[in-house]
Every structure is written in C-alpha cells, then in structure tokens.
C-alpha cells in the first residue's frame, strides 16, 4: 500500500514539475513587446539581415540628428533618448491599427508624437504623409519605445539616406484620420529629477495576495508531507521552503534603487484641456500641464481644480501619473499619515490556515504529537526500575522514557469495551497491576461445584458407558436398550442434586417442572421430601429419546446460567486489586507478558469451559513476569490510590520528527489563523475609512477657517 501511494505522489509531483516548467518556458518565449500591446497578434517573423542593417543606419542618423537638440518636455517623456536595437529581440510584429498623433512644444524639426492605441511608438518623420485610417505597421523592440520599421508598404530598406540633415516634409493638412493636437507654447520648467520614495513605491506594488497564496500552498505541502511516504517528504519540504522563502522575500523586501522610478519635478500652469482637444469639464483627466496630460488619483478630483491657471509645482512619473501637487496634495504624505490597509493577503492567509488546521484535526491524531513535542522542549528523562519501591521514589512526567521489569497481575477489562459486550472477560495483559500486596487467590466457587455434580449425574444416567455398573438386571437393561428407551436408574439422586443447586423457588423452574412430571408428584417440595425420606429409593424412570433429550437440554441450560454468573463474579473480584501501587498499561494495546494465547476464542467455549479457562489463566497471570518500555503519555491516580501510567512505544527518528513537525505546523497555522483574522478585521475597517480620512485631512488643509469654526461650535 505504501509503495502504491509513493508511486502516485511521485507521479503527481513529476506532472506538477513538468507543467510548471512548460509554463515557465512559454513565459520565457513570450516577447516583452507582445506583453506591451494588448491588441498584438501572436504571429511574428524574424528580422532579416538587410532590415537590421537599415535599422542601424536609421538609428545612427537619428542619433546625429538628436545630438544638438533638447527640451524639457521631450527629455522628460523620453522622445530624444537614444534608440538602440536590443540584440535579444529579433522578432518583427505586424499590427493593423489607427495611428494617433499630437504636437509637442519644441524647437526640434519633428514636433509630433505617435501612439498605437495607448502605447507610444517611434515613427520615422519622413513617413508622415503615408498615415491612413487603417495602418499596417511592423514593429521591433528597442531600448526606449517600439520602433516602426514598416508603414503601409514603406520600409526602411527603401529609404535613401543622405549625408545632409533630414528635412521634415511640409504638411499642409493633417494626415487622414489621425488625431492632431495644436502646438502649445506654455513654458514648463523641470527643476529636479528624483527617485520615488518608499511610500510612493508601495502604492504601485501588488497587494500580496499572490505571495499569501504561495504561503498557503506551502502549508498544504507541509501537511501532505506529514502523511506521505518517506521518499517524497524531502521534496515536499524543499518545495514548501522555496515557496515560503519566495513569498517572504516578495512581502518584506525593501525596494532597491533600481526598483524606484524617476519622479520629474515640474513647475508650470495646469489647465483643463483634453488630450485630443475636446473639452471635458467634469473629469480631472482633462487637465494638462503644457503638452503633458496629467493623471490624478480619483480622490483628488475636488482639490486639483484649485490650482488651475496658477503657477504650481507638480511631480509626476514618466507615465504622467501625478504624485504631488502644490503644498498639500501628496501621495507620499498620504501613505505616511494614512498607511495602506491591504487586507487581501490576510484573508487568503486566514482561509489557508483554517483549511490546514481542519485537515490536521481531521486526519492526524494530535494528542500524542503535542505531548511528545512538549516533553522534547522541556527535556525528557529515561528511567529503568525493577521494584515497586524504586518506581514510587522516582519523579515521573509525561514524555519521560520508562522501562519496568517485575512480577505483576494482568488486568481484566470491564464488561463494556469498545461498545461490545463480552460473555466472558479474559485477562488483558496490555495492562499490569504492580504493587507489593500478596497475589490474589485463584477463583473458587461452591456453586460451580454443585452445578458440575448435577451435570455429571444427569450425563452419566442419560449416556451410560458400556460395561459400567448397572443397578438393574442386565437382561432388563438389554431389553430396554433394544426398545430404544432410556432408563434413569437413580432418579432420586437427580432430584436431590437439583434441589441442592436450585434452592431458590424462582431458579431452574422448567427443570423442576420436568422432574415433577417424571416423579408423578404434586409439587416440587413434595417430590424433594419423598427423595429425602427414601420413599423413592430404587425408583427407575423410563424415558423416550425425545424426553431424554429435553431433560438433557434443561439441565444444561440451568447449569450454564450458574457457570456464567459465577464466572463473571469471579472475574469482577479479580478486577479489584489491592489499593496503591501502579497500573502500567500500553496505550497501543501491546501485550506486556510472554504467554501463548489459546487458538480458540474464549467466547466460543462453553460455560463450564470458560470457568476452567479462567482458573487456568488465573494460575498463570495473577502473578506473572512482565516487561514494559516506552514513553509516558499519561499519568493519573484513581480513587484507590493506584497510579495509572500509560506507555507508548518509543518512536523511531522519522516518527519522532513527524510528531514534532505536526506540533510545529499546528502552532504555526493556529497563530496564523488568529493573527491574520485580527489583522483582517482591523485593516478592513481602516480601509473603509481611509479615503474619507484623507479627504477630511485635505479639507482641513484647504479650508482651515472651516475647521476652526467647527471646533468653536463644538466647544
């Protein structure tokens, strides 16, 4: 069974590794340019050598043209950055898309910026007249922005490169179906370029759900390792550790300088003007700074309009996202004064911890691992004793290793064990009573002896042995035998022995009635008096075979009830040892004595055989050598002052580490469940109020008079 489970788990693990490797391979094969354009088709071709040479010539010429020109806006937006072909990207991607352009306030010959959808591309300026409604474009990836190498059949291969500077063609009218924006002469001052702060960087980071999910998967893998074959345990633990390490690195690492984006600090006059010239008075996305369309956080909508038409300091990312404006609006201050309350990761961790906790409690017994782990932490002792006095003088605690050797009595379980009722209670040598008292006497019973005598008398008369002494004439006995009848040659003896056994009127009622009928008496007392007076001496009773069988059954039934009753009574007496001492028991049910058990179940024996077996076992097990060794899992004292010590077999190294791992995992998931549950409740409540608190703070900043008036009215 373990081999089958091992093969299944190994197969599943191999499949997971293969699927993960395939996904990683696909992701590696995916071009970064394909991830940039959502509309890009997966088909592509390789860049030819002639095209590469033409691109390099164009880039060299573009570098010479851009060496002498510079403007704040174009530098900030990366328009004059050097275009260099990335050697790792040899793919050419075809696109059919509308090209959008708008003007740039600059003294450069080329004053246009071009977009495919929302992504900026570099279009050679000499292709301006060829822009149509639906443009077939081919792109390659460069270090700054994608480069168009082909437009509607025109390629860089067909362009004639001149030694003179490139001349921008005169465009008398906008290209068909291209969005054009008029030039803006508003001056923008770039007075600083800084790295974003850690608080600003935090706003653009993930909410930690992915890392929290990885930790939950690691916890599940650790749980599986507790019940898996040894062969796969190291692999599961290694994968879990890797997942936890990766997730922890993602959650707690501080961003490096390379991770921090550049923030451009500008000074200018913001105005309301849409990207393509249309007016959008109800939306803050229509606010521009010169030719730069600003992107504001949604909760700034009621505050940014205060700076329209005024000289204002504005700090933005290269993607035009505003991080600071004026004296009060600041994402850095928001995060510092009103920290982000990302509760999604706490919810994932809480659910994952609850799942693992339920699986632990449902599939793994937790009592023994917790006890052994606690003992291991406290430091366990090892004790070996051979006398009751030595054990009484030894301090014991759960988790200690105990080895005991001596002479004791096997215990007898109660009538109800594991919800089953037993007709006969055998000795249970998985528990040993060990004390200094004298051994209990062997079980004896006068009632058992009387029942045995009655049973033997009836069996002798109903089933005579050939050649035995006969109390009647041999010829008559032979004649009776030939007729098929059965003769009771000493009927009064049966009556007297029945009376001796069944003295109470409510016992052996059916047997007494049968004997009254056979003796032709009025009642039982009259029949007993006749038998005791000798009036029935020499009286013989002749029975048919059916009647003889009925009499035999009645006698067996009557005597069996006495056998069973006396057997149970004797067993209960044996189960009441002298007070004090110890009851050393194996919690696994292992036998602590070495004796050969009977091949026949004791419950399959007859009533008289059970009594005899009880006497035989009592002679062996009331005072027998035993040996017990294991780890103490429980210590209690009963009402008689007997100390009960439960032992568990000493686990091997692998089992011990499983116990420790189970306890450790239980503690981890319990702490995680409680901690993340508390943080989820706390952060969710604060998250609901965060934006309102920020807006209240801005209201106080922009309207200090209203705040002071509210304070006075409150006073």
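For this structure, a couple of remarks:
- Qualifying residues in region 551-589 (those that are modelled with pLDDT under 85 and in contact with a strand residue (DSSP E or B) (Cβ under 6 Å, 6 or more places away or on another chain)) - the one farthest from residue 518 (Cα to Cα): 587
- Tally, over region 436-458, of residues that are closer than 20 Å to residue 554 by Cβ and modelled with pLDDT under 85: 0
- Residues in region 296-312 that are closer than 20 Å to residue 189 by Cβ, outside any loop (DSSP other than H, G, I, E, B) and at pLDDT 80 or above: 304, 312.
- Options 548, 531: the member that is part of a helix (DSSP H, G or I), in contact with a strand residue (DSSP E or B) (Cβ under 6 Å, 6 or more places away or on another chain) and modelled with pLDDT of 80 or more: 548
- Cβ-Cβ distances below 6 Å connect the following pairs, each with a first residue in region 648-659 that is part of a helix (DSSP H, G or I), a second residue that is buried (at least 16 other Cβ atoms within 10 Å of the Cβ) and at pLDDT 80 or above, and a separation of six or more residues or different chains: 658/226.
The rows are residues; the columns are (1) within 30 Å of residue 689 (Cα to Cα); (2) assigned to a helix (DSSP H, G or I).
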{"position": "319", "(1), (2)": "yes, no"}
{"position": "332", "(1), (2)": "yes, yes"}
{"position": "342", "(1), (2)": "yes, no"}
{"position": "352", "(1), (2)": "yes, yes"}
{"position": "357", "(1), (2)": "no, yes"}
{"position": "391", "(1), (2)": "no, yes"}
{"position": "399", "(1), (2)": "no, no"}
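- Listed conditions (1) exposed (fewer than 13 other Cβ atoms within 10 Å of the Cβ); (2) touching a residue at least 24 places away in the same chain (Cβ under 8 Å) are all met by residue 386, apart from (2).
- Residue 108 outside any strand (DSSP E or B), surrounded by fewer than 13 Cβ atoms within 10 Å (Cβ to Cβ) and either at positive phi or at pLDDT below 60 (or both): no
- Positions within region 218-236 being within 18 Å of residue 652 (Cβ to Cβ) and within 17 Å of the chain's Cα centre (by Cα), in sequence order: 225, 226, 227, 228, 233
- If you go through region 287-328 and pick out every residue that is crowded, with 19+ Cβ neighbours inside 10 Å and at positive phi, you end up with 1.
- Screening 521, 573, 558, 526 for residues that are free of Cβ contacts under 8 Å to residues at least 12 places away in the same chain and part of a helix (DSSP H, G or I) leaves exactly one candidate, 526.
- Within region 497-518, the residues that satisfy the criterion of being touching a helix residue (DSSP H, G or I) at 6+ places or on another chain (Cβ under 9 Å), over 13 Å from residue 551 (Cβ atoms) and not in a helix (DSSP H, G or I) are 502, 505, 507.
- Selection within region 603-628: residues that are within 21 Å of residue 406 (Cβ to Cβ) and crowded, with 17+ Cβ neighbours inside 10 Å. The member of this set that is nearest to the chain's Cα centre (by Cα) is 628.
- Residues of region 345-388 classified as modelled with pLDDT under 85 and over 14 Å from residue 631 (Cα atoms), total: 6
- Annotation note: of 224, 220, 231, 242, the sole residue that is at pLDDT 85 or above, over 25 Å from residue 335 (Cβ atoms) and outside any helix (DSSP H, G or I) is 231.
- Residue that is surrounded by the most Cβ atoms within 10 Å (Cβ to Cβ) [pool: residues in region 535-545 that are touching a strand residue (DSSP E or B) at 6+ places or on another chain (Cβ under 7 Å) and within 21 Å of residue 453 (Cα to Cα)]: 541
The values are calculated or read from the model by the stated rules, or taken from the named source; none is laboratory data. What you see is a predicted model; the values in this text were computed from it and never measured. No Cβ is skipped: glycine too gets one built from the backbone with ideal geometry, and neighbour counts run over all protein chains shown.
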